[in-house]
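The structure appears below as structure tokens.
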Amino acid sequence: QKEVEQNSGPLSVPEGAIASLNCTYSDRGSQSFFWYRQYSGKSPELIMSIYSNGDKEDGRFTAQLNKASQYVSLLIRDSQPSDSATYLCAVNAEMNTGFQKLVFGTGTRLLVSP
Amino acid sequence: DTGVSQNPRHKITKRGQNVTFRCDPISEHNRLYWYRQTLGQGPEFLTYFQNEAQLEKSRLLSDRFSAERPKGSFSTLEIQRTEQGDSAMYLCASSRTSVTEQFFGPGTRLTVL
């Protein structure tokens, strides 16, 4: 079982719609959760972090965390063509040494059509 | 620009050659990470520095790979005797602590012919 799972997509939504991106993780001890946006050929850009259950809103973005279900999601309201990118979910996981490393999913490709 | 910087941005080399990449983290971040990303995959953790100490290495980091962070500032990642399988984007990130946000540099895209 992969540590962080995401649907690879593509997820296609029309401009102005809400895009919903989902991620599940396997380590119940994970405490930190991140969403990164990655345009083709570019490096990941941090867009949201969430550490406690519930919703966290930042502009058009809302991150939702449910630790009991080991589920984290990202909602993008009023989607724009410029939101078209791959969205990476990242979760901290403790290694045997106690070090907390970030584990990434393979990403979900989002396509927003005008 | 106070973000993470990486050089070079692109490197093309022949199999068997050595390459070295540099990363300059955000100045107030004492934690620095190297990742490797191949097409269609998320970044995979390679190694971690806290100040000048290399505290963690992934099993992905074979003995052909070495990383340093002298004086706890910039870091270098060297790959010796490159192989075609080393072709990837090499990403550097930095953070304030090990559980808070990591910010990535633009990456170095390595192509091994």
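Looking at segment B:26-39 only, could you name the residues that are touching a residue at least 24 places away in the same chain (Cβ under 8 Å) and exposed (fewer than 14 other Cβ atoms within 10 Å of the Cβ)? So that I can check it myself, show each step before the final result.
To start, the set of residues in segment B:26-39 that are touching a residue at least 24 places away in the same chain (Cβ under 8 Å) comprises B:26-38.
Matches in segment B:26-39: B:27, B:28, B:38.
Every residue, every condition in (1) modelled with pLDDT under 95; (2) within 17 Å of residue A:93 (Cβ to Cβ); (3) under 14 Å from the mean Cα position of the chain (by Cα), yes or no:
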| position | (1), (2), (3) |
| --- | --- |
| B:51 | yes, no, no |
| B:73 | yes, no, yes |
| B:79 | no, no, yes |
| B:83 | no, no, no |
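Going through segment B:1-25 one residue at a time, which ones are in contact with a Phe, Trp or Tyr (Cβ under 8 Å, 6 or more places away or on another chain), surrounded by 17 or more Cβ atoms within 10 Å (Cβ to Cβ) and away from every other protein chain (no Cβ under 12 Å)? Outline the logic, then answer.
Just the residues of segment B:1-25 that are in contact with a Phe, Trp or Tyr (Cβ under 8 Å, 6 or more places away or on another chain), to begin with: B:3-4, B:6-8, B:11, B:21-25.
Subset that is surrounded by 17 or more Cβ atoms within 10 Å (Cβ to Cβ): B:4, B:6, B:11, B:21, B:23-25.
Within segment B:1-25, B:11, B:21, B:24, B:25 qualify.
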* Structure fact -> Per the list (1) loosely packed, with under 13 Cβ neighbours inside 10 Å; (2) closer than 26 Å to residue A:95 by Cβ; (3) under 14 Å from the mean Cα position of the chain (by Cα), residue check on residue A:53 breaks on (3)
* To do: Mind listing whichever residues of segment A:95-112 are at the interface with chain B (Cβ under 7 Å from one of its Cβ atoms) and on the phi > 0 side of the Ramachandran plot?
  => A:107
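Tell me, which strands (runs of 3 or more DSSP E) wholly within segment A:70-114 include 2 or more residues that are touching a residue at least 24 places away in the same chain (Cβ under 8 Å) and touching a Lys or Arg at 6+ places or on another chain (Cβ under 9 Å)? Spell out how you get there, then give the answer.
Details: elements: A:71-76, A:85-94, A:100-104, A:108-113.
Hits in segment A:70-114: A:71-76, A:85-94.
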* Asked: What is the residue count in segment B:40-55 for residues that are surrounded by fewer than 20 Cβ atoms within 10 Å (Cβ to Cβ) and either more than 10 Å from every other protein chain (Cβ to nearest Cβ) or in contact with a Phe, Trp or Tyr (Cβ under 7 Å, 6 or more places away or on another chain) (or both)?
  -> 6
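So which strands (runs of 3 or more DSSP E) stay within segment A:11-50 end to end and still have 3 or more residues that are in contact (Cβ under 8 Å) with a residue 40 or more places away in the chain, within 11 Å of chain B (Cβ to nearest Cβ) and surrounded by 14 or more Cβ atoms within 10 Å (Cβ to Cβ)?
Details: elements: A:11-14, A:19-25, A:33-38, A:45-50.
By residue number, A:33-38.
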* Structure fact -> Selection from segment B:63-73 of residues free of Cβ contacts under 8 Å to residues at least 40 places away in the same chain and surrounded by 13 or more Cβ atoms within 10 Å (Cβ to Cβ) yields B:64, B:65, B:66, B:67, B:68, B:69
* Structure fact -> The correct count of residues that are more than 15 Å from the chain's Cα centre (by Cα) and either among the aliphatic types (A, V, I, L, M) or more than 28 Å from residue A:98 (Cα to Cα) (or both) in segment A:20-41 is 2
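With the structure loaded, tell me whether residue A:106 is surrounded by 15 or more Cβ atoms within 10 Å (Cβ to Cβ) and either out of contact with any Ser or Thr (no Cβ under 6 Å at 6 or more places or on another chain) or not charged (D, E, K, R) (or both) or whether it fails that test. Break it down stepwise before answering.
Numbers: surrounded by 15 or more Cβ atoms within 10 Å (Cβ to Cβ): yes; either out of contact with any Ser or Thr (no Cβ under 6 Å at 6 or more places or on another chain) or not charged (D, E, K, R) (or both): yes.
So residue A:106 fits the description; yes.
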* In segment A:57-83, residue surrounded by the fewest Cβ atoms within 10 Å (Cβ to Cβ) [restricted to those that are among the polar types (S, T, N, Q) and farther than 24 Å from residue A:25 by Cα] -> A:82
* To do: From the list B:36, B:109, pick out the single residue that is within 10 Å of chain A (Cβ to nearest Cβ), modelled with pLDDT of 95 or more and within 14 Å of the chain's Cα centre (by Cα).
  => B:109
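The values are calculated or read from the model by the stated rules, or taken from the named source; none is laboratory data. Because the structure is a prediction, the values reported are computed rather than measured. All Cβ positions, glycine included, derive from the backbone under ideal geometry; neighbour counts span all protein chains shown.
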